[in-house]
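See structure below.
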Amino acid sequence: AGGEYRDHFRADFHAEDDTGVIVDLQESPDDWGLFVQDEFVVSKTVSINLGVRHDEYPVFGGSTNPRLAVILSPTQRTFVKFLHGRAFRAPSIYELHYSGFANPTLEPERIRSAEAVLEHYIGRSARVTAALFSNQIHDLISIDTLGSGVFENFDDVTSEGIEMEFQRDWARGFGLKT
């Protein structure tokens, strides 16, 4: 369990062009978060990790995001992991006030992720990993280069794929990862 508090004592945002000052802001935002996580060992071959994090921002309010992992170990060298979680990212002062135009409708990005991982150890120094993943990003923050020129929330983005990795470690810190 833990917590985090950030007090941005002074955040300056100043922009100007040939016509003069576009924006001159001085803010002192603060935000905080609390989180807790625990592992439950169900049996010799099954464990469950549960976690939750709550963040609070004065401009956007709060966001509570859970995380879950189910880890199976059918053998001493093989692990199967099922992971699911949510998270978010609040826009920065730069994104909120880019080009001198405040965007009061800009919302935090939110992501939902799911992953299935197979991990197998070969001897003491090698490992093979394969993973299937899906990430769904909602309200992606990006600059509108064709319109207003300010940061906006755009359509949802989905990223799905497969990852494979081989890792081998040798003495004296040498290793290979592909």
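The values are calculated or read from the model by the stated rules, or taken from the named source; none is laboratory data. Since the model is a prediction, treat every value here as computed from it, not as a measurement. A quick note on method: Cβ atoms are made from the backbone with ideal geometry, for glycine too, and the neighbour counts reach across all protein chains shown. Remember, those area values only see protein heavy atoms, side chains included, never the ligands or the DNA or RNA. Shrake-Rupley method; radii C 1.70, N 1.55, O 1.52, S 1.80 Å.
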- Tally of residues being touching a His at 6+ places or on another chain (Cβ under 7 Å) and either among the hydroxyl-bearing types (S, T, Y) or within 23 Å of I71 (Cα to Cα) (or both) across the stretch 128-170: 1
- Which pairs do you get when a residue that is farther than 30 Å from L34 by Cβ and in contact (Cβ under 8 Å) with a residue 60 or more places away in the chain, found in the stretch 75-89, comes within reach of a residue that is open to solvent by less than 40 Å² (accessible area, probe 1.4 Å) and part of a strand (DSSP E or B), reach meaning Cβ atoms under 9 angstrom, with the pair 6+ apart or on two chains? none
- Note on the structure: Looking across the stretch 40-66 at residues that are within 30 Å of L96 (Cβ to Cβ) and either in contact with a Cys (Cβ under 8 Å, 6 or more places away or on another chain) or among the aliphatic types (A, V, I, L, M) (or both), the single one that is least open to solvent (accessible area, probe 1.4 Å) is V52
- Subset of the stretch 67-78 that is touching a strand residue (DSSP E or B) at 6+ places or on another chain (Cβ under 6 Å) and either surrounded by 14 or more Cβ atoms within 10 Å (Cβ to Cβ) or of a type in the set (S, T, Y) (or both) - its residue that is farthest from N49 (Cα to Cα): T78
- Message: Which condition from (1) part of a loop (DSSP other than H, G, I, E, B); (2) open to solvent by 60 Å² or more (accessible area, probe 1.4 Å); (3) under 28 Å from Q136 (Cα atoms) is the one that Q37 breaks?
- Response: (1)
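Quick one: how many residues across the stretch 40-74 are in a strand (DSSP E or B) and in contact (Cβ under 8 Å) with a residue 12 or more places away in the chain? Before you say what the answer is, go through the steps one by one.
So in the stretch 40-74, the residues in a strand (DSSP E or B) come out as 40-41, 46-57, 61-74.
If we keep only those that are in contact (Cβ under 8 Å) with a residue 12 or more places away in the chain too, we end up with 46-57, 63-74.
Looking only at that region, the number is 24.
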- Task: Would you please list the contacts, defined by Cβ atoms under 8 Å and residues six or more apart or on different chains, that run from a residue in the stretch 119-130 that is among the aliphatic types (A, V, I, L, M) to a residue that is open to solvent by less than 30 Å² (accessible area, probe 1.4 Å)?
- Result: V128/E119; A130/V117
- Item | Residue that is nearest to F88 (Cα to Cα), among those in the stretch 59-73 that are at pLDDT 95 or above and among the hydroxyl-bearing types (S, T, Y) | T64
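How do the strands (runs of 3 or more DSSP E) wholly within the stretch 86-178 filter down when requiring 3 or more residues that are open to solvent by less than 80 Å² (accessible area, probe 1.4 Å) and closer than 30 Å to D17 by Cα: which remain?
Numbers: elements: 109-122, 126-138, 141-143, 151-153, 157-169, 175-177.
Per the criteria, 141-143, 151-153.
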